[in-house]
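The values are calculated or read from the model by the stated rules, or taken from the named source; none is laboratory data. Note that the structure is predicted; figures quoted are calculated from it, not measured. When we count neighbours, we look across all protein chains shown, and the Cβ atoms used for this are built from the backbone with ideal geometry, even at glycine.
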Amino acid sequence: MKKTFNINLAGLIFHIDEDAFEKLDRYLSTLKQQFSGTEGNKEIITDIEARIAELFKDKITDSKEVITTNDVEEVIEVMGKPEDYIEGENVGNSYSDDDSSYESYRSNRRIFRDGDERIIGGVAAGFAAYFNTDPLWMRILFVLLFFLSGFGILVYLVLWAVIPRARTTAEKLQMRGESVNISNIEKSIKEEMEGFKKKVSRPRHRSRSHTRSENKIGSFFEEILDFILELVRFVFRFVVKLLGFIFIFLGFMLLLAMITALFTGGAIMLNGNEVNDIWGFLHILSIDDLHQNLLIAGVVLLILAPLLLLIYWGVRIIFKLPPLNQTVRGSLALAGAIGFICLFISAISLSMQFKSYAQFSITQYIEPSAEVLELKLKNDEISGQFKDLSYISIDSLDAFHEVEMDIRKSNDSASFLEIIYKSKGQNRRDAITNARMVNYEVELKPGEIILPSYYTLAEDGKFRSQRVKVVLYLIEGESIFLSPDMLDIIYDIQNVDNMWDHEMTGHSWIMTDKGLKCSDCPRKKEEKEEEAIDSLLNKANLPVAFISPVASLQRLAI
Amino acid sequence: MNIENTKAQMRKGVLEFCILSLLQHKDAYTSDIIAELKQAKIIVVEGTLYPLLTRLKNAGLLSYRWEESTSGPPRKYYSLTENGKSVLTELQNTWNDLVQAVNKTTQNPK
């Protein structure tokens, strides 16, 4: 009498003898081990199982319902031994490096925890297998470490957590440094099965078994530590999934931002200065429409691929998807590359537009007057809008906050205003043309000079980093008052009092032969101190004659 | 020098060519392919073929469809793809050249 199992092979049910089952199971496990690293391994195994089912089917008759060891052996004969499979599998490799790769695999001994020989976590047994010594020596070493310092426990725990346990037969073979070939795998599986059988059939009353008491300690620690490790793994997995969500979220937000910017033109940072209207700015920056489109296409294409990849990574982490296929990756890379080329070409052609520099200036004389001349900013609708922006576009008017003001001494007979228009361009002539696109006018009223803090660009003008500099040349004796809002445009005005720009506004200034001097500023603290010292010294000067020993001697001599 | 290994390598090289040739004129079940190859004594055991077929399929040279079978599990019915046909032509040329070259070298030793 024999026990039989029911097995399901490719959807068909077979009755199979116990020992025949074991043989078949071993055969299939060995094959699975062998193909575990091959692409499409599951499909191969399924195909093989289907074929075995076909062969079995032929062996079943009305009078013989059970698959026997003989049948399995015959089938294996037909299908071939596991080694024969590998022969077919190696076709893909180039023949020349076959041997060397095999060699390196053979010598590839790796550290694993040995779960079969463990007392606590199998770390010592793993090391013993790695160094090819008896686990006892390793255990003594670890126990010594425990007692020498508590540090040993920590080392053990870290090793336990870090070193993976040898689970598959291949890993167990690698642990022992045996080559992972089919006969070894088969041998190892056989050994394992025998060991398992022995364990099952081992009489329970083998009292005070050495291994059993050891394993009890082991299982106690194991339970606690496995729990902790499981917790750590859980937290880790959670963090990874969270990362996936962050990727997706970030990717979608950026994508959304890009699309929004594409249709409405949001705010971007340019040169550290915020610009409120990308489209408007792009329009006056670009050479022509073609160039503008090239620039936009470049930016979009360049950003799109990484964003989509970011989103896909997130999805992949969370749902464990396979990597993107070649076509998709290829087209993403192509899109990025095209974007880069577009951007590169437009950047080069744009930089050519900024190659040369030129400036021109106009001069306006100021009627001499007895009053103090007040300098103030033009206060209109546009100037209030700038805040921290350096470019704004209002009602199709492009305004730039790029005006600078200086005050110098005039060597002429009258005070005058010089307005310098600076610009860049392809060449000097182009730069001058660009500079002429700047609209900037200073209002001269009796006793007042009103300066706008911005310039505007003519309708068909392009932005070529134009700047306006206003220089007020004052003759000696002429006075001005710097209105507080002038702080917006004055830049490093030289003055006798060595005051900073922000200290200068709100005061009256007079041009002296040495330079600009403040006529109503409170004296600085240091100056007061200096003067105090001066006056002290002056007072002290008087009695010097009496104290001086030379003087007394002289007097005695007389 | 492992003579068995060399023999195996020689067989392996032409095995793919043979499989593609078999499917040139008619589609076939796995078991048909196996039977033909076994008859021709190109393969000894069947196992060799499964990884090979899967690899050829993954490489896009073969495609298959499932066909119900009255006597057993559904079976794969393999056919040659367009790509497979062009590869076959290439292999055919290579084989012809090789046969000529080998014959020349082995039959007229100088």
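Data for the structure
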read-out	value
Of all residues making up region B:24-59, the number that are touching a strand residue (DSSP E or B) at 6+ places or on another chain (Cβ under 9 Å), at the interface with chain A (Cβ under 9 Å from one of its Cβ atoms) and not polar (S, T, N, Q)	2
Residues being of a type in the set (A, V, I, L, M, F, W, C) and not in a loop (DSSP other than H, G, I, E, B) - total across region B:61-77	2
Any hit, region A:368-384, residues being assigned to a helix (DSSP H, G or I), on the phi < 0 side of the Ramachandran plot and touching a residue at least 24 places away in the same chain (Cβ under 8 Å)	yes
Among (1) surrounded by fewer than 17 Cβ atoms within 10 Å (Cβ to Cβ); (2) out of contact with any Asp or Glu (no Cβ under 7 Å at 6 or more places or on another chain); (3) more than 24 Å from A:GLN494 (Cβ to Cβ); (4) touching a residue at least 60 places away in the same chain (Cβ under 8 Å), the one test that A:ALA458 misses	(4)
Filtered residue count, region A:399-447, keeping only those that are over 30 Å from A:GLU476 (Cα atoms) and in a loop (DSSP other than H, G, I, E, B)	4
Any pair with Cβ under 7 angstrom, 6 or more apart, that starts in region A:70-82 at a residue that is more than 14 Å from B:THR48 (Cβ to Cβ) and away from chain B (no Cβ under 13 Å) and ends at one that is of a type in the set (A, V, I, L, M) and crowded, with 19+ Cβ neighbours inside 10 Å	A:ASP71/A:ALA20; A:VAL72/A:ALA20; A:VAL72/A:LEU24
Complete set of residues in region A:9-20 that are under 55 Å from the mean Cα position of the chain (by Cα) and either under 24 Å from A:THR169 (Cβ atoms) or not assigned by TED's automatic domain parsing to the domain that holds A:ARG51 (or both)	A:LEU9
Selection count where residues are closer than 24 Å to B:ASP32 by Cβ, part of a helix (DSSP H, G or I) and hydroxyl-bearing (Ser, Thr, Tyr), scope region B:78-110	2
Region A:389-422, residues that are in contact with a Ser or Thr (Cβ under 8 Å, 6 or more places away or on another chain) and not hydrophobic (A, V, I, L, M, F, W, C)	A:ASP398, A:HIS401, A:GLU402, A:GLU418, A:TYR421
Scan of region A:36-69 for residues that are surrounded by 16 or more Cβ atoms within 10 Å (Cβ to Cβ), more than 10 Å from chain B (Cβ to nearest Cβ) and among the β-branched types (Val, Ile, Thr), ordered by number	A:ILE67, A:THR68, A:THR69
Residues satisfying the stated conditions in region A:289-329, i.e. surrounded by 15 or more Cβ atoms within 10 Å (Cβ to Cβ), under 30 Å from A:ASP460 (Cα atoms) and not polar (S, T, N, Q)	A:HIS291, A:LEU294, A:LEU295, A:ILE296, A:ALA297, A:GLY298, A:VAL299, A:VAL300, A:LEU301, A:LEU302
